[in-house]
Amino acid sequence: MNLTLRVWRQKNAHARGRFVTYEARNVSPDMSFLEMLDVVNEELIGREQEPIAFEHDCREGICGACGFMINGIAHGPKRGTTVCQLHLRTFRDGDHLTLEPWRAKAFPVIKDLVVDRGAFDRIIQAGGFISAPAGAAPDANAILVPKEDVELAFDAAACIGCGACVAACPNASAMLFTAAKVSHLGLLPQGQPERNDRVRNMVAAMDREMFGGCTNMGECQAVCPKEITIAFIARLNHDLLAASFKGRKPPRTAASP
Amino acid sequence: MIALWSTSIGKKAVMAVTGFILTGFVVAHMLGNLKIFQGEEKFNSYAVWLREVGSPALGHQQFLWVLRLILLAAVALHIGAAVQLTRMSYAARPVRYRRTEAIHATYAARTMRWGGVILTLFVMYHILHFTFGAVGYAPGQYRPMSVYRNVVVGFSVWYVSAFYIVAMIALGLHLYHGVWSMFQTLGVNTVGADRFFFRTLATVTSLVVILGNISVPVGVLAGLVR
Ligand code: FES
């Protein structure tokens, strides 16, 4: 099959970008979207032109590295799929596709379709962890967790941090990502000691990164490759409001030996 | 509390709580409007009662003014938070997409901001119209406290009625997303059954408010209310 691609090309973070049209000729419907871009890039390299830069790693939908807009939809038209898992059979022969990077103040474009998602890392650093004594791995069933909580925590933990939620949000809000990360620890017993501080700090970090405010539109859940729902955003809101009415704990100081 | 206001979620919580108050007012106002179908006497005495609630413990219009101040504060906070959040959102995406596709967002959700602006303008017109008689009447036509007459005369002008009807549809859309949204923002709908309940509540509220309010200008134009 043949496709016409209109791709955002931008040399670096400071350069001005523009759309350039490429033809993908004789590609197989069984190829993934990224394999198709590989073919286009081979051709570009053959002509001694700069290949299209895009991010990828696992190519099996679990690492969260890949992602860009295809015709205005994050990760393309297929639900619950990353671009690396999107096959060309989703499209029709002769389709015109516009490829754009995620666009958000917090996600500056580095090159072509690659954006810097360091803002997500900084939200995680603000509280997306638990503090536990290291050592041998504890027994799996040492702490019993109700089945429903496990399931829910797992649904949230499925987030791969790809950034599609931000990209699709008309407000460029990072609420779905933050909600998933806050919820998955907040639902488990191991996450309880730091629960209030975690939600406050992660929301503060999210606001600092200049993401927009959520208006409950639901675009994020429609594009999330892991199909995380905005019910988790309600959970985040609930946790933050509850935490705000509880006092801040005094900072813990390490005991000196 | 101050710390809460400084977060985006805190501002949204303010919008949710003030939105809740304003929705309560809108529903009560709509129920009051329906009294017009009980005839001139009942409707006018309802207007008098509103000014004398709590008497003799409270003086003339005291209760009404407390209510007005609460509503005014709610409106100010609601708009204030909305403006700040909107500016945050615009700043969050300085470079727009060439192409975007709305997959899940409803028309109501996507028009909250401009809908809010339209509603603000409508409320101003509405107060100048029925409360002050400053617009929409020929000189001498508006008579204070003859509320029934004023409504009938006011809505007899077809384009005034049409404007009210359009405004009520805008209000209904705002409520359709807003009522659902406020429970989402306050985080009380975390499980499936509750989410269904609040979705339904929002749909019903918006429909009841639209139909209840529209029935008044329609009733006037149809000659049912004379
Ligand atoms: S490349 Fe890992 S999720 Fe797509």
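Every read-out reported here was derived from the displayed coordinates using simple, explicitly stated rules and does not represent laboratory data. The model shown is predicted, which means the values in this text are computed figures rather than measured ones. Cβ coordinates were reconstructed from backbone atoms using ideal geometry, including for glycine residues, and neighbour counts include every protein chain displayed.
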- Measure up A:78/A:181; A:147/B:12; A:111/A:226 against 30 Å on the Cα-Cα distance and list the ones that go over. A:147/B:12
- Counting DSSP beta bridges with both ends in region A:3-111, the antiparallel % (nearest 5): 75
- Under a cut-off of 19 Å between alpha-carbon atoms, report the aspartates and glutamates in cross-link reach of residue B:42, not counting same-chain residues fewer than 8 places apart. B:52
- Query: Which distance in Å, rounded to a whole number, links the C-alpha centroids of region B:47-71 and region B:1-27?
  - Reply: 25
- How large is Rg/Rh for the protein assembly as shown, to two decimals, with Cα atoms and a Kirkwood Rh? 1.07
- Tell me, A:183, A:131 in order of fewest to most beta-carbon neighbours within 10 Å? A:131, A:183
- If r is the Cβ-Cβ distance from residue B:51 to residue B:90 and R0 is 35 Å, what FRET efficiency results, to the nearest 0.05? 0.20
- Task: Subtracting the Cα-Cα distance from 0.36 nm times the residue separation, let me have the gained length for residue A:48 to residue A:4 in nm, one decimal.
- Result: 13.8 nm
- Which FRET efficiency value, to the nearest 0.05, do you get for residue B:6 and residue B:221 by plugging their Cβ-Cβ distance into 1/(1 + (r/R0)^6) with R0 = 35 Å? 0.10
- Using a 10 angstrom cutoff on alpha carbons, build the Gaussian network for chain A and name the most mobile of A:44, A:34, A:99. A:44
- Task: Any chance you could check the Cα centroid distance between region A:1-15 and region A:52-128 for me, in angstrom?
- Result: 13
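Counting other beta carbons within 10 Å of each Cβ, put B:114, B:5 in order, fewest first.
B:114, B:5
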- Message: Just want to confirm a number: the relative contact order over region B:78-198, from Cα pairs under 8 angstrom separated by 6+ residues, in percent.
- Response: 25
- Item | Whole-Å semi-axes of the ellipsoid equivalent to chain A (Cα gyration tensor, √5λ, descending) | 39, 19, 17
- Task: Please identify, among A:137, A:242, A:65, the residue showing maximal mean-square fluctuation in a Gaussian network model of chain A using a 10 angstrom Cα cutoff.
- Result: A:137
- For the residue A:122, residue A:11 Cβ pair and Förster radius 22 Å, calculated FRET efficiency rounded to 0.05 is 0.25
- Query: Which ordering of B:120, A:229, A:215 is given by a fewest-first count of other beta-carbon atoms within 10 Å?
  - Reply: B:120, A:229, A:215
- Query: Taking the Cα atoms of chain B, what is the range of coordinates along each of the three principal axes, in descending order and whole Å?
  - Reply: 54, 45, 37
- Message: Averaged across A:66-77, how many Cβ atoms of other chains sit within 10 Å of each residue's Cβ atom?
- Response: 2
- Note on the structure: A chain fully extended from residue A:192 to residue A:25 at 0.36 nm per residue, minus the present Cα-Cα distance, gains in nm 54.7 nm
- Which residue fluctuates the most in chain B, going by a Gaussian network model with Cα springs under 10 Å, if the choices are B:30, B:145, B:112? B:145
- Note on the structure: Log entry: pair-distance distribution for region A:129-257, C-alpha pairs binned every 10 Å from zero, whole % per bin is 12, 39, 32, 14, 2, 0
- Message: How far apart, in nanometres, would the label points at residue A:58 and residue B:70 be if each is projected 7 angstrom from Cα along the Cα-to-Cβ direction?
- Response: 5.3
